[in-house]
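Enquirer: What follows is a structure written as structure tokens; I'll ask about it next.
The values are calculated or read from the model by the stated rules, or taken from the named source; none is laboratory data. Remember, predicted model here, so these are calculated numbers, not experimental data. Cβ atoms come from the backbone with ideal geometry, glycine included; neighbour counts cover every protein chain shown.
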Amino acid sequence: MKGILVAAALFGLLVTLSIDAAQHARAQADVAAHARLPHDHVRLDLRLASIDTSVPFKTLTGRIWNHDPTATLTALELRLQLLEGAVVVGERVQHLDIRIPPGQARDVQQGILFRDLGTTRMPRTWTFDVVATMGDLE
């Protein structure tokens, strides 16, 4: 009887380990499928509206091109900065969910909230950097 219980326990442990290994393999495949794309495979033409006002809500508009030959662009992370002269008065990292198949482009419009901008003292400019580009491999 004791031998049957030990065999059943070992069988249960093996099944559990097998399931865990399969789940881990699926998770790894998911991570690989949602790969980071090279930044130079994405082209951005973006504008930020109302940068010369103290209103914290701005609108990011423009067009995004996916030049990757095999991956669908699924998301971007941008670091946006509002400047007065050389002084950064507002900064935000913004995540954009977007789905652009290989070789295609999409228009984008996204509301952006900059907190604690303060009063505008001089004309403002803005810059952005691409932090990350993510995509699904075809």
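Enquirer: Just the residues that are farther than 19 Å from residue 41 by Cα and in a loop (DSSP other than H, G, I, E, B), please, taken from the range 83-105.
Expert: Residues satisfying the conditions are 85, 86.
Enquirer: Working only within the range 43-62, note down all residues that are surrounded by 14 or more Cβ atoms within 10 Å (Cβ to Cβ) and farther than 19 Å from residue 90 by Cβ.
Expert: 44
Enquirer: So for the range 66-75 (the condition being modelled with pLDDT of 95 or more, farther than 19 Å from residue 36 by Cα and not small (Gly, Ala, Ser)), does at least one residue qualify?
Expert: no
Enquirer: Of 43, 92, 47, which residue is within 16 Å of the chain's Cα centre (by Cα), of a type in the set (Lys, Arg) and within 16 Å of residue 126 (Cβ to Cβ)?
Expert: Matching residue, one of 43, 92, 47: 92.
Enquirer: Residue check: is residue 78 at pLDDT below 95 and in the same structural domain as residue 105 (by TED's automatic domain parsing)?
Expert: The answer is no for residue 78.
Enquirer: Moving to a separate point now. State all residues of the range 106-124 that are surrounded by 15 or more Cβ atoms within 10 Å (Cβ to Cβ) and either part of a strand (DSSP E or B) or free of Cβ contacts under 8 Å to residues at least 12 places away in the same chain (or both); if no residue qualifies, say none.
Expert: 108, 110, 112, 124
Enquirer: Another question, then. How many of the residues making up the range 101-118 are of a type in the set (A, V, I, L, M, F, W, C) and at pLDDT below 95?
Expert: Of the residues in the range 101-118, 4 are of a type in the set (A, V, I, L, M, F, W, C) and at pLDDT below 95.
Enquirer: Would you say residue 70 is of a type in the set (Ser, Thr, Tyr) and closer than 14 Å to residue 41 by Cα?
Expert: Yes, satisfied.
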